[in-house]
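Colleague: First the structure, which I've put down as structure tokens, then a few questions once you've had a look.
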Amino acid sequence: MTAPGTPWVRHAAIIAGFLACLAGAQVLVDAYRPLVNDEADVPFSVAAVVVRSFVGQVRGLLADFLWLRVDEYQHRRRIVGGDLLRSDDEALMPLVRLITWLNPHFVDAYALGGQWLAFHFDRPIEATAFYEEGIQNNPQSFDLLNGAAWVYWRFRHDYPTAAKRAAEAARVAPDDIHKFQALWLEAHILASAGDTSGAIRVWRQVGQIPGYERTAEVWIARLEGSRTSRP
Amino acid sequence: MISSVVAVVARQVLQEAGRRRTLPVLVLFGCGVILSSAFLSFFQLGVEVKFFKDVAMTVIFLFGTTSTLILVSTQLSGEIESRTIYNVLSKPIRRWELVVGKFVGAVAAIALCVAPMVAILAFFIYTDRGGSILEAVKASYLLWLAFAVLSAIALGIASFSTSIVAASLSVLVFVVSYLKGAVTTYVALVSRSPATAYLGQALYYLLPNFENFNVRTAVVHDRIVPWAYLGRTTLYALVLVAFFLYLGAQIFEEREF
Amino acid sequence: MTESRHAGASAVPPVISVNNLTKRYRNPSGSDRAALVGLTLDVSPGEIYGFLGPNGAGKTTTIKLLLGLIFPTAGSGTILGAPLGSVAARRRLGFLPESPYFYEYFRGDELLDYYGRLFGLTAAERRTRVEDLLKLVGLWEHRRLAVRKYSRGMLQRLGLAQALINDPELVILDEPAGGLDPIGRREMRDILLQLRDRGKTVFLSSHILAEVEMICDQVAILHRGQLLAVGRIGDLLADSREMELTVHGLDGTLTKRLEGIPGATIRHGADSTVVVLPEQRFVYQAIETVKQAGGQIVSLTAKRERLEDLFVKLIGSREGGTAA
């Protein structure tokens, strides 16, 4: 009688079966991962992936700490330093980028970074790219959709894309105030693009929001007036 | 009879975990850190409750992982080193029952370690009305699944090694599971060869992926974790646990004392 | 020279039966080290079986093979009719390892309760057995003490208690007297004899030959993994014709006169002297000589070969030395 032995073939078959089940389970999990955690569907560079991997499970917390520093430094600089329009944004921008690497769901960081790139650094293309990355990772974020619409409109004069983003912002708006803001933006974008009919249509949607009927009427009347007065 | 033996061993693991000072001290320390961050965040202007949630979840993760490694790496190899294994294996218990019993006891003990920290987190979410307790509990459940998988890995390694080697190798597997994200992405981005691309894919699917259990970001930012995701991740964890316990039991079956 | 005498064939199946049991270990250098070679023996039910041998003889290796803690390189065996190391066998036996170690954070009663649960005993059974066994081994007063505070002797007693928790048919003991004081050893002996009287079989390995000789029905002597002798003690030990006369008050003259008896040897002790006479026929001559010289006779006994003598003789002849 020797030690209980099992043929290696049987062991190998069982292990192969386990690995197949493991791969299958991972496929099932992957179907939901973009929604619930911060990995898939994010266009990270190799450097970002390395940083994220080494920081591991504490990256969310690290992002929070970095944000505290950004927030604190920005406000302190504005209060103490003098320039109310521009703090030391250039020095803080890499931190903002790092925060989004560590936590792609950090909407505030994307919003702040997009704003700085557009308004302070005069880099609208990079601003919209930053916003688009944020939207890809946070498709339900009103702030990012609305902010992107502004930049497309004011800086890049890409009215169709701006209007599309504003309409999406209106769809995901958390309340009537935000919905009004988004529809207001969409209407002005369409009007800027010369699409008066489209702008009127949007204002009619505003008129359906309780408390904004009068505002909608005024703007509809103004647009209709400008349409008829045009030669 | 089979399941009762497993339950007996699990009970012993639970009792011992409670009597040794290490785990209760870790739990107390973890609760203390969460409590202190809660009071700090209340007094600090501009800090949102999500910061507290992130701290709490990270503390649960760190202390849970530490507790898991300390508890599990000494279970099997500790019995062998202290020679208590002779008294156990001379009783009518199959070797795989001992391995499974140790696992069940360990995950139960870890759940008890994590529960107070989760309770504190839930309390502050409730009192501050900063988010959903249910989502926080879901995230904690997924963390506990991660600890269960880590326990199975540590037991599998402990079936043939000493306590220190088991703990060290388990940490290594844990770290590799995060680094493999870098490796597979690098391979996908840089490689021009289909073979290495397939290798990268294989690594992704076949190595344990602890990121599956990480939904803290979603919880911190008040997202809903679908029940279907919990179910699928539980299935993933079960497959991993079964795999490593099977390996451990097979190795342990052939081991001589 | 190997002496082996086998017990006569019995209609009752043996409790332990091993055939050509062999265990070899591989050294780091690649060569084999034989811990046990071709062991064949039977242990009948209801007896106390002593398993003897010097350090490294293979006694613990044999026990581990019986329990399935290690696996044989060759050979086979059964224990209580089931394969070696099987769960079915372990359900009906108890085991006390050498220098037993237990979970430090358990109390004495909790530890026994734990082992009782492994046997599937009900709560009521465990309660009764734990109390009875702790009282039997003299640990009832210490039942609520953590095991890590137990002395060496207390651990040994606790070890015996856990070996009996399932009321086993076979009890395997590895150095059961280790760590026990003389009173403890006597109590241990009494318990083992009680077990035999109740029809249990006891298989014990021990260094303490005097203890083995007192209680064992059969013994097997092992050396360097090989069986040197096996059989009933009475059969193994040779009868001697020597007589020992113990006397007080020996002076130089008396000593000289006793030394004149052919073949007599004299051993002087602290307060008595032992005169070893080669044959019984010299006894009356020696007694008369002592009486005439005014000496005092303390005792007269027939000198018998002890187990220790046989042990040393076998081991010594095996190693090429002189027998005792």
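No value in this document is a laboratory result; all are computed from the given coordinates. None of the values given here were measured: they were computed from a predicted structure. Note that we place each Cβ from the backbone using ideal geometry, even for glycine, and neighbour counts take in every protein chain shown.
Colleague: State the dimensionless ratio Rg/Rh of the stretch C:243-302 (Rg: radius of gyration of Cα atoms; Rh: Kirkwood radius).
Modeller: 0.90
Colleague: Any chance you could list the semi-axes, whole Å, largest first, of the equivalent ellipsoid that the Cα gyration tensor gives for the stretch B:193-257, using √(5λ)?
Modeller: Three semi-axes, in Å: 30, 21, 10.
Colleague: Next question. Ordered by packing density, taken as the mean number of other Cβ atoms within 10 Å over each peptide's residues, highest first, how do B:192-202, B:94-104 rank?
Modeller: The packing order, highest mean first, is B:94-104, B:192-202.
Colleague: I need the peptides B:133-141, C:291-299 ranked by packing, meaning the mean over residues of other C-beta atoms within 10 angstrom, with the highest value on top.
Modeller: With the highest mean Cβ count within 10 Å placed first, the list reads B:133-141, C:291-299.
Colleague: Also, I was wondering about something else. Taking amide H positions as placed 1.01 Å from N in the peptide plane, with prolines and chain starts having none, which residues 5 or more places from C:Ile48, or on another chain, fall under 5 Å of its amide H?
Modeller: C:Val202, C:Asp217, C:Gln218
Colleague: While we're looking at this one, here's another question. Would you kindly calculate the translational diffusion coefficient of the stretch C:156-205, applying Stokes-Einstein with the Kirkwood radius from alpha carbon pairs, for 10 °C and a viscosity of 1.306 mPa s, and quote it in µm² s⁻¹ without decimals?
Modeller: Approximately 145 µm²/s, per Stokes-Einstein.
Colleague: Suppose R0 equals 25 Å. What FRET efficiency, 1/(1 + (r/R0)^6) with r the Cβ-Cβ distance, do A:Ile15 and B:Thr162 give to the nearest 0.05?
Modeller: 0.55
Colleague: Let me ask another. Among A:132-140, A:17-25, B:244-252, what's the highest-first ranking by average C-beta atoms within 10 angstrom per residue?
Modeller: My ranking of the peptides, most packed first, is B:244-252, A:132-140, A:17-25.
Colleague: Counting only other chains, what is the mean number of Cβ atoms within 10 angstrom of the Cβ of each residue in peptide B:244-251?
Modeller: 2
Colleague: Something else about it: How big is Rg to Rh over chain C, alpha-carbon atoms, Rh as the Kirkwood inverse-mean-distance radius?
Modeller: We get a ratio of 1.07 for chain C.
Colleague: Another question, if that's okay. Around A:Gly24, under 11 Å between beta carbons, what's the net of Lys plus Arg minus Asp minus Glu among the other residues?
Modeller: 0
Colleague: On to the next question. Counting pairs of alpha carbon atoms under 8 Å apart in space and at least six apart in sequence, what relative contact order in percent does the stretch B:39-163 give?
Modeller: For the stretch B:39-163, the relative contact order is 42 percent.
Colleague: Express in whole angstrom the spacing between the alpha-carbon centres of the stretch C:81-97 and the stretch C:103-122.
Modeller: That distance is 18 Å.
Colleague: Same structure again: When a/c reaches 1.5 or more, the comparison of a/b and b/c decides; with that in mind, is the stretch C:47-188 rounded, prolate or oblate per its Cα gyration tensor?
Modeller: oblate
Colleague: Which of the pairs B:Lys91/C:Lys59; C:Lys256/C:Lys303; C:Lys59/C:Lys313; B:Lys50/B:Lys102 have their Cα atoms more than 26 Å apart in this structure?
Modeller: Among B:Lys91/C:Lys59; C:Lys256/C:Lys303; C:Lys59/C:Lys313; B:Lys50/B:Lys102, the Cα-Cα distance tops 26 Å for B:Lys50/B:Lys102.
Colleague: Around B:Arg95, under 13 Å between beta carbons, what's the net of Lys plus Arg minus Asp minus Glu among the other residues?
Modeller: Taking every other residue near B:Arg95 into account, the sum is 0.
Colleague: Now a separate question. Summing -39500 (n - 2.57) over the DSSP H runs of n ≥ 4 in chain C and dividing by its residue number, what mean residue ellipticity at 222 nm do you reach, to the nearest 500 deg cm²/dmol?
Modeller: -9500 deg cm²/dmol
Colleague: Still on this structure, please answer the following. If you scale each eigenvalue of the Cα gyration tensor by 5 and take the root, what three semi-axes come out for the stretch B:100-234, rounded to whole angstrom and sorted largest first?
Modeller: They are 30, 23, 11 Å, listed from largest to smallest.
Colleague: Follow-up question, since we're still on this one. Amide H to amide H, which residues 5 or more places from C:Val15 or on other chains are under 5 Å from it, using H placed in the peptide plane?
Modeller: When sequence neighbours closer than 5 places are left aside, the close amide H contacts are C:Val43, C:Ser44.
Colleague: Sticking with this structure for a sec: Provide the net charge surrounding C:Tyr101, with neighbours chosen by a C-beta distance below 13 Å and charges set as Lys +1, Arg +1, Asp -1, Glu -1.
Modeller: Once positives and negatives cancel, what remains is -2.
Colleague: Still on this model: Given the convex hull of the Cα atoms of chain B, what is a quarter of its surface area in nm²?
Modeller: It is 16.2 nm².
Colleague: Continuing with the same structure: Using a 7 Å offset from Cα along Cα-Cβ at A:Arg171, what residues in the stretch A:131-155 end up with backbone N under 20 Å from the label point?
Modeller: Inside the label zone: A:131-153.
Colleague: Counting pairs of alpha carbon atoms under 8 Å apart in space and at least six apart in sequence, what relative contact order in percent does chain C give?
Modeller: Rounded, it is 20 percent for chain C.
Colleague: Under a GNM of chain C (C-alpha, springs under 10 Å), which listed residue has the highest mean-square fluctuation: C:Leu173, C:Leu134, C:Leu52?
Modeller: Top of the fluctuation ranking is C:Leu134.
Colleague: Evaluate peptide B:90-99: per residue, the Cβ atoms of other protein chains within 10 Å of its Cβ; return the mean as an integer.
Modeller: 6
Colleague: Continuing with the same structure: Compute from the Cα atoms of the protein assembly as shown the Rg and the Dmax, the latter being the longest Cα-Cα distance, and quote both in angstrom.
Modeller: Spelled out, the Cα radius of gyration and Dmax of the protein assembly as shown are 41.1, 165 Å.
Colleague: Another question about this same structure. Mind checking the stretch C:219-266 for trypsin sites (Lys or Arg not before Pro) that DSSP puts in a loop (not H, G, I, E or B) and that have at most 14 other Cβ atoms within 10 Å?
Modeller: Taking the stretch C:219-266 and a limit of 14 other Cβ atoms within 10 Å, the loop trypsin sites (Lys or Arg not before Pro) found are C:Arg241.
Colleague: Label points 7 Å out from Cα along the Cβ direction at B:Ala195 and B:Arg255: separation in nm?
Modeller: Distance between label points: 3.8 nm.
Colleague: Let me check against my output: what whole-number percent is the relative contact order of chain B, with C-alpha pairs under 8 Å and at least 6 apart?
Modeller: Once normalised by length, the contact order is 26 percent.
Colleague: Calculate the mean, over all residues of peptide B:13-24, of how many other protein chain Cβ atoms lie within 10 angstrom of the residue's Cβ.
Modeller: Across the residues of B:13-24, the mean count of other-chain Cβ atoms within 10 Å is 2.
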